[in-house]
Structure formats: C-alpha cells, structure tokens
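Student: Take this structure, written in structure tokens, and hold onto it; I'll ask about it next.
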Amino acid sequence: MVIERVITTPAPLPATEETPWPAQGAWTYEDYLRLPDDGRRYEIIEGVLYVINAPNFDHQQAVLQIAVALELWVRAQDAGVVLTAPFEVHLPGIAKPVQPDVLFIIAERRPTPGAKFFEGPPDLVVEVLSSNTIRTDRTVKFSAYERAGVREYWLVDPKARSVEVYTLIEGEFALLGQFGPGEQAQSKVLAGLEVEVDRLFSP
C-alpha cells in the first residue's frame, strides 16, 4: 500500500542537530535538505511537508508502463525527455520540491546534464493514484500543477483501470477525456500519442 501522510508533529532530529523542524505551512527547501535519506518520497507544497512510503506493485506497474509508452513515442519524435520519480521539480512560489510519478519536458527545456532538479512547470505530469494519495493528487497537486502552468496532467487510477487527461486552457485544467478498458488515452501536448489503457495495469 502506498502510504501518504502529512507530518503534523516535529520529527526527531539527530543528536547533533539543534534546529527544530518547522510547523506545517512553514517548511522550506532548506528544511527538506535536512530530511533523512530513508527511501521515502518527501514533497513540500505551500509549505506543507508530504511523505509517501514505498508504493505497491500495481502503482509501480502503472508508472513503468506509462513511462515506457511515453518514452518510446517521445524518442521516436525527438520531442524531449521523460523522467520518473524520484526527481525534484521546483514550482516557484508553490512547491519545492514536488516529485511527480512521471513527467515530460519538451526538448527546448530539457534539464542540463547533471541537473539535480528542474525549475518550472513540466509540460506533462502523470500521477498514479492510490487509496492514500487520491486527495492529494486530485486536489493539492491538481491545484499546484494548474497554478504553476503545467500544460497537461494525467491522473491514472489502477483500481478503476482508467486514465483522466486534463489540459490547461486559459489557466485552468479542463478534462480532455477519461479513458477506460479497451480505449486508448490521448494527449494534446503530445499530439498523435495513443496509449492503450489495458496495457498500463496488471492482469
């Protein structure tokens, strides 16, 4: 199970650390850099720290299949770069960092070799839902990506075996389509891309 929790009480610090953890709503990137490298995914959105434990098989299966489908199409078109978490994305004034499950950046904006993060909105972001991340993915991250100017946002639901594609129109996400079993998900940003929904999920 993917477990997402919002830290509401200060976590214990190493004995040599004297600086306390901030209250929720006051987390900064400097605080993030002090967090332990313990296999969890840490994100800070609007000063709130979110922690996600290791995901389950269904989640990772969907992430892998989406990344492969996007990578094959993007590479054939020489359209840009596809990345998966963990990789930091900094959305100025909104999130620093956020780590989307899958993201696409057009060729003209691709990160430089050795870059540790990407600053600015990716052109396409994919989040794979779980029972414990639905609220964050559908509300907190939905709003953050929308306000940051992410051009397209995919919500992939392994339980419902569906893909929702939202495109940015005049600063707001609009549903391009909801695609289910037997259908092919389509993209506006990657015009011509078709992803077979059934292939994204375990049998």
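Student: Take Phe104 and decide whether it is buried (at least 19 other Cβ atoms within 10 Å of the Cβ) and either aromatic (Phe, Trp, Tyr) or not assigned by TED's automatic domain parsing to the domain that holds Lys188 (or both). Give the steps one after another, and end with the answer.
Tutor: On the way: buried (at least 19 other Cβ atoms within 10 Å of the Cβ): yes; either aromatic (Phe, Trp, Tyr) or not assigned by TED's automatic domain parsing to the domain that holds Lys188 (or both): yes.
When the stated conditions are applied, Phe104 passes them.
Student: Let me ask something additional. Which residues, counting only those in the stretch 124-155, are surrounded by fewer than 21 Cβ atoms within 10 Å (Cβ to Cβ) and either on the phi > 0 side of the Ramachandran plot or charged (D, E, K, R) (or both)?
Tutor: Listed by number, the residues that qualify are Arg135, Arg138, Glu146, Arg147, Gly149, Arg151.
Student: Can you find, within the stretch 150-178, the residue that is farthest from Ile94 (Cα to Cα) among those that are within 16 Å of the chain's Cα centre (by Cα) and among the charged types (D, E, K, R)?
Tutor: Asp157
Student: Still on this model: Is there any pair linking a residue in the stretch 57-83 that is of a type outside the set (Lys, Arg) to one that is part of a helix (DSSP H, G or I) and surrounded by fewer than 18 Cβ atoms within 10 Å (Cβ to Cβ), with Cβ under 7 Å and at least six apart or on different chains, and which?
Tutor: Taking only residues 6 or more apart or on different chains, the pairs are Gln65/Arg199; Asp78/Ala107; Ala79/Ala107; Gly80/Ala107; Val82/Glu71.
Student: Right, something else. Can you pull out every residue in the stretch 179-201 that is within 20 Å of the chain's Cα centre (by Cα) and over 23 Å from Gln60 (Cβ atoms)?
Tutor: Scanning the stretch 179-201 gives Gln186, Lys188, Val189.
Student: Moving on. When you scan the stretch 77-91, do you find a residue that is of a type in the set (S, T, N, Q), farther than 22 Å from Ser143 by Cβ and assigned by TED's automatic domain parsing to the domain that holds Arg135, even just one?
Tutor: yes
The values are calculated or read from the model by the stated rules, or taken from the named source; none is laboratory data. Because the structure is predicted, anything quoted here is derived from the model rather than measured. Every residue, glycine among them, receives a Cβ derived from its backbone with ideal geometry; neighbour counts consider all protein chains shown.
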